[in-house]
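Below is one structure, written out as structure tokens; comments come after it.
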Amino acid sequence: MNNNNKQKVVRRIDFETSNNIALRVDKRKSKRAGSIGFKIFAYVFLTFIAFCQVFPFYLKLIDSFQAPETIPNADILYLWPENFTLANYWTAMNVSGFWMALGYTICHTVCFTAISLFIAIIVAYTLTKLEFKGKKIVSGLLLATMMVPGEVLMIPNYIIALKMGINQNVFGLILPGIVNVFGIFLLKQYMQTIPNSVLESAEMDGCNELKKIFKIIVPMSKPVIITYVILTVVSTWNEYLWPLIMQSSGSPVQTLQLIMYKFYPGLGNYADGFVRSAGMILITIPIITVYGVFQKYFLSQNNIAGMK
Amino acid sequence: MANIVFKNINKIYENNVQAVFDFNLEVKDKEFIVLVGPSGCGKSTTLRMLAGLESITSGELYLDDVLINDIAPVDRNMAMVFQNYALYPHMSVYDNLAFGLKMRKFPVEILDENNNHILIVDKYKINDLKYDIKKYKKEINNSKLKIFALKNGFNIKLTEDELNNIIKNREKDIKKNQEEIKRLEENPSTYKYKMVKMPKEQIDEKVNYASSILGLTPYLKRKPANLSGGQRQRVALGRAIVRNPKVFLMDEPLSNLDAKLRVQMRSEITKIHKKVGATTVYVTHDQTEAMTMADRMVVMKDGYIQQIGTPKELYFNPVNIFVAGFIGAPSMNFLKGYFDGKDFMIYVVEEDINDPKKEVLKDSEIKIKLNEELRNRLKDYVNKYVILGIRPEDLVLFKGKNLNEGDVIKVESDLSELLGNETIIYSSINNQNLTLKTENEVNGKEHQEFNVRLKLDKVHFFDPETTNVIK
């Protein structure tokens, strides 16, 4: 009896009638994705989030243009400077050590990005396009290092830097973490989409491995390389903790992030605040420029089109 | 000039899968050879071994009598067209065509003041000989080790005498090479030359020539992404033509194109082959392509060569069931039957009740009367099971009334396809499929009985065990 009951529970779907039901769907409810209603919602939502992100930055920008003698009224939200001036920028730039720090930061960022990119390209190419024994083990080990948080590596890195003596110059900033596993996997993922036949064809055209990398692979992975450059430039430029550790070990190297406290020349009134804003803006300008220039290539796929 | 000789070529992949078994082929100069077979038959592997993209496990590969087993792809002077074109997407059409020329360096002879060649010692050959000497020395050492192992009671396939022989021969070879080196060092034998990159004007000239042949001149500045499939294919061809290689290799170059373009490119490739005149090795799984383009075809299956010959030979004289069934569309009909010394009795094929994969052959009363010549051919197969093969166009609808002539059988139609100028009728007799092609207009009714006459002079017989043709 029990068995019979259980069997009755199973309902068979009559597909012919279910087709007829599908035809009688409420048209108002069945709208295709991308309808105007959704578009309006998306635009409003995205605008709101973008506004939340940009507005504080805008307030700082206005602050930096205020004349030093201005006394801001706490009841007013300044959307435009009362007396426009660039004097705060001039003050910020003349803070002691600014140009030195700028030089160090640029050196750090450019060298780190360039060297780590070079290493990432070579390693990613090796892991995707070359055949050798133990390839899976190597990439597995590399991937495993991504699980280790950067903070854990700080003490060993610090000791190594001290022993090598590189804590006395800019190499102390560049060398630790130069093998960027994240970058390797980013590039590797992209290079896997490049068909092997292109490389074989290059080989028959007379390319050796290096030429294959720099004449074929690199130009073809331009979008992902630019993505990597943007991400690395931003994170290296903004790096604070490691330069601070190096500085505490007696390094003369000061990056912009380390001298931020100096944008406080003690002018009195509210002028110090304006100078600080100008200093912050100064530090962010290079990154915004880099992003602005390269963002149209940001992971654009149009380069790889036309493979078939 | 480019002769290619494959001698006992084998390919075993690292995972111990053997893709090519004992491949022997001689390709003559300016010949258009097509390797054809179903996917996974080893034809692409063979081509890639020829290109140097895949290593050769054993056997010898000669290009113009030079052993090229271990020569890098660049130095083989071959150009390859890939299935997915393998264009460089970041370069314009012009750069794609010119890339192979830009990458290479070409030898140019250096002349003295009186425009005479300067003779120098042939260093390359000496290095080559020295390399061989090293190899021989290694072999000698290996053999000595083996002898030592033999004396200590290890099991080794070769006997001591054989090993000693090897050592003796290799020592002789070393002596010969050393003498040769001495001779070469004393007598300067080659012209002095330097490796030079091709000048831009010359590259320009070659690219323009190739693009004019292929009708690509208006598109030279475009990137591959902005070209149609056919144009991309032509760029890929052009890249090969520009280099003026000894051998063209093509790996299913037309399979990414739509049907109409494929037919068009087929004739274009044939024309280009005639114009350029280079030896071409072409791989395809499409037997129509193979039939229409090839000077000679190589039919492969599971890594073995089945038959080599001109399209005509393969079509009219297939050596086994596979070749007979693979070449020609629709493919050849195979009727299982029994030869009783006089007639061919068509079996009734039924499914085995116990094992659906097996089939049971039962006697029937339908017989085909064979003539003297066919009986002679089958004289070793009296009272045996044989397979009769006949092409669809060799079956004719029979509308006469005299059904007792012996070569007329009654079949039942299952389906008919109208192709325009002809109709293909799929029918069956005794549960065996029979396809026939006819130019007559036919009423496309299913399950209709009609009479078919076999052209007995076009019939092939196959041995069911070896699958070879009975001659």
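A few points about this structure:
- Qualifying position, being in contact (Cβ under 8 Å) with a residue 60 or more places away in the chain and open to solvent by 70 Å² or more (accessible area, probe 1.4 Å), among B:Asn383, B:Asn402, B:Asn431, B:Asn440: B:Asn431
- Some residue of segment B:73-86 being away from chain A (no Cβ under 14 Å) and not small (Gly, Ala, Ser): no
- Count of residues meeting criterion [farther than 18 Å from B:Glu412 by Cβ and at pLDDT 85 or above] in segment B:343-360: 3
- Among the residues of segment B:325-344, those identified as crowded, with 18+ Cβ neighbours inside 10 Å and over 29 Å from B:Met300 (Cα atoms) are B:Tyr338, B:Phe339, B:Phe344.
- Criterion: within 29 Å of B:Lys105 (Cβ to Cβ), at pLDDT 90 or above and either outside the structural domain of B:Lys123 (by TED's automatic domain parsing) or in contact with an Asp or Glu (Cβ under 8 Å, 6 or more places away or on another chain) (or both) - qualifying residue of B:Asn208, B:Asn177: B:Asn208
- Complete set of residues in segment B:216-259 that are at the interface with chain A (Cβ under 10 Å from one of its Cβ atoms), open to solvent by 60 Å² or more (accessible area, probe 1.4 Å) and not in a loop (DSSP other than H, G, I, E, B): B:Asn226
- Where B:Pro89 falls short, out of the listed (1) modelled with pLDDT under 90; (2) away from every other protein chain (no Cβ under 11 Å); (3) surrounded by 18 or more Cβ atoms within 10 Å (Cβ to Cβ): (2)
- Annotation: A:Thr113 fulfils all but one of (1) assigned by TED's automatic domain parsing to the domain that holds A:Glu209; (2) polar (S, T, N, Q); (3) over 30 Å from A:Asn196 (Cβ atoms); the unmet one is (3).
- Number of positions in segment B:1-45 that are out of contact with any Phe, Trp or Tyr (no Cβ under 8 Å at 6 or more places or on another chain), within 15 Å of B:Glu252 (Cβ to Cβ) and of a type in the set (Val, Ile, Thr): 1
- Members of segment B:34-60 that are free of Cβ contacts under 8 Å to residues at least 60 places away in the same chain, aliphatic (A, V, I, L, M) and within 16 Å of B:Pro245 (Cβ to Cβ): B:Leu53
- Residue list for segment A:58-86, restricted to those being surrounded by 16 or more Cβ atoms within 10 Å (Cβ to Cβ) and small (Gly, Ala, Ser): A:Ser64
- Only one entry of B:Leu67, B:Leu61 meets the criterion of being more than 12 Å from chain A (Cβ to nearest Cβ) and more than 20 Å from the chain's Cα centre (by Cα), and that entry is B:Leu67.
- Yes/no for A:Leu162 being open to solvent by 20 Å² or more (accessible area, probe 1.4 Å), away from every other protein chain (no Cβ under 12 Å) and hydrophobic (A, V, I, L, M, F, W, C): yes
- For segment B:99-115, taking the residues that are facing chain A (nearest Cβ under 10 Å) and not aromatic (Phe, Trp, Tyr), the one that is nearest to the chain's Cα centre (by Cα) is identified as B:Gly100.
- Within the set B:Thr288, B:Thr284, B:Thr270, B:Thr280, the sole residue that is within 18 Å of B:Val36 (Cα to Cα) and open to solvent by 50 Å² or more (accessible area, probe 1.4 Å) turns out to be B:Thr288.
- Among the residues here, B:Glu201 qualifies as at pLDDT 90 or above, open to solvent by 60 Å² or more (accessible area, probe 1.4 Å) and under 42 Å from the mean Cα position of the chain (by Cα).
- Any hit, segment A:188-204, residues being touching a strand residue (DSSP E or B) at 6+ places or on another chain (Cβ under 6 Å) and closer than 21 Å to A:Pro219 by Cβ: yes
- A:Ile122 open to solvent by less than 80 Å² (accessible area, probe 1.4 Å), farther than 30 Å from A:Ser197 by Cβ and touching a residue at least 12 places away in the same chain (Cβ under 8 Å): no
- Boolean, B:Lys471 is part of a loop (DSSP other than H, G, I, E, B) and among the basic types (Lys, Arg): yes
- Pairs are defined by a Cβ separation below 6 Å, a sequence spacing of at least 6 or placement on different chains, a first member in segment B:20-33 that is touching a residue at least 60 places away in the same chain (Cβ under 8 Å) and farther than 13 Å from B:Val298 by Cα, and a second member that is in a loop (DSSP other than H, G, I, E, B) and open to solvent by 50 Å² or more (accessible area, probe 1.4 Å); the pairs so defined are B:Asp29/B:Met1; B:Asp29/B:Asn3.
- Screening A:Ile40 with (1) part of a loop (DSSP other than H, G, I, E, B); (2) farther than 29 Å from A:Pro223 by Cα; (3) open to solvent by 50 Å² or more (accessible area, probe 1.4 Å) gives one miss only, at (1).
- Residue in segment A:230-270 that is least open to solvent (accessible area, probe 1.4 Å), counting only those that are touching an Asp or Glu at 6+ places or on another chain (Cβ under 9 Å) and in a helix (DSSP H, G or I): A:Gln257
- Any hit, segment B:178-191, residues being without any contact (Cβ under 8 Å) to a residue 60 or more places away in the chain and touching a Phe, Trp or Tyr at 6+ places or on another chain (Cβ under 9 Å): no
- Residue match in segment B:268-280 (condition: away from chain A (no Cβ under 14 Å), under 24 Å from B:Val323 (Cα atoms) and of a type in the set (Lys, Arg)): no
- So A:Gly273, is it part of a helix (DSSP H, G or I) and modelled with pLDDT of 90 or more: no
- Residue tally, condition away from chain B (no Cβ under 12 Å) and in contact with a helix residue (DSSP H, G or I) (Cβ under 7 Å, 6 or more places away or on another chain), over segment A:186-217: 7
The values are calculated or read from the model by the stated rules, or taken from the named source; none is laboratory data. None of these values were measured; they are calculated from a predicted model. Note: ideal-geometry Cβ built from the backbone for every residue, glycine included; neighbour counts use all protein chains shown. All accessible areas refer to the heavy atoms of the entire protein, side chains included, with ligands and DNA or RNA removed. Shrake-Rupley method; radii C 1.70, N 1.55, O 1.52, S 1.80 Å.
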